[in-house]
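Chemist: Have a look at the structure that comes next, please.
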Amino acid sequence: MKKKTYAFRHKNEVLLESSSGGAFTALANVIISRGGVVFGACFDKELNVVHKKAETIEECFKFRGSKYIQSSMTGVYIQIKECLKNGRIVLFTGTPCQIKAVKNYCNKNSINIDNLVLVDIICHGAMRPDVWQKFRQ
């Protein structure tokens, strides 16, 4: 299978609120408008970086911006599986190793990935969560 690579940027105010040209917001809008769900990294209440599910574009706003910290994927694989089994389109954004892990999980569990859209970010070496915790203190 040939891999495709695209580069684009948003053309309105989203560009000013984004760290990488607003591509994520444009993709999330399309997925949400088609009844899909979006998974991305955000900060939780304790400033840990975690992957979460969003079902509205407003919920996706928390995924904007770079985090540079490895995110927790607790429960995400099962949620992706359930969404795909229910016929929903799933957009998952993450580092290349997280993308590979989602693919491996789906393959190992015989999950149809026709409705799975994977977008990896360029990884410059994400900080480990324990290092982030020490830095915050």
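Chemist: Given 0.36 nm per residue, what is the gain on full extension from K4 to F61 after removing their alpha carbon distance, in nm?
Modeler: Gain on extension, K4 to F61, equals 17.9 nm.
Chemist: A further question on this structure: How do 86-96, 106-116 rank on mean C-beta neighbours within 10 Å, highest first?
Modeler: For the peptides 86-96, 106-116, the packing ranking is 86-96, 106-116.
Chemist: Measuring with a 1.4 Å probe in the full set of protein chains, what accessible area per residue, in whole Å², belongs to the range 1-100?
Modeler: 62
Chemist: For the range 8-99, which GluC sites (Glu not before Pro) pass both filters: DSSP loop (anything but H, G, I, E, B) and at most 12 other C-beta atoms within 10 Å?
Modeler: E46
The values are calculated or read from the model by the stated rules, or taken from the named source; none is laboratory data. Here the structure is a predicted model, which is why all the values come from computation and not from measurement. We place every Cβ from the backbone using ideal geometry, glycine too, and count neighbours over all the protein chains shown. Each accessible area value is taken on the protein alone, full model and side chains, heavy atoms only, with ligands, DNA and RNA left out. Shrake-Rupley method; radii C 1.70, N 1.55, O 1.52, S 1.80 Å.
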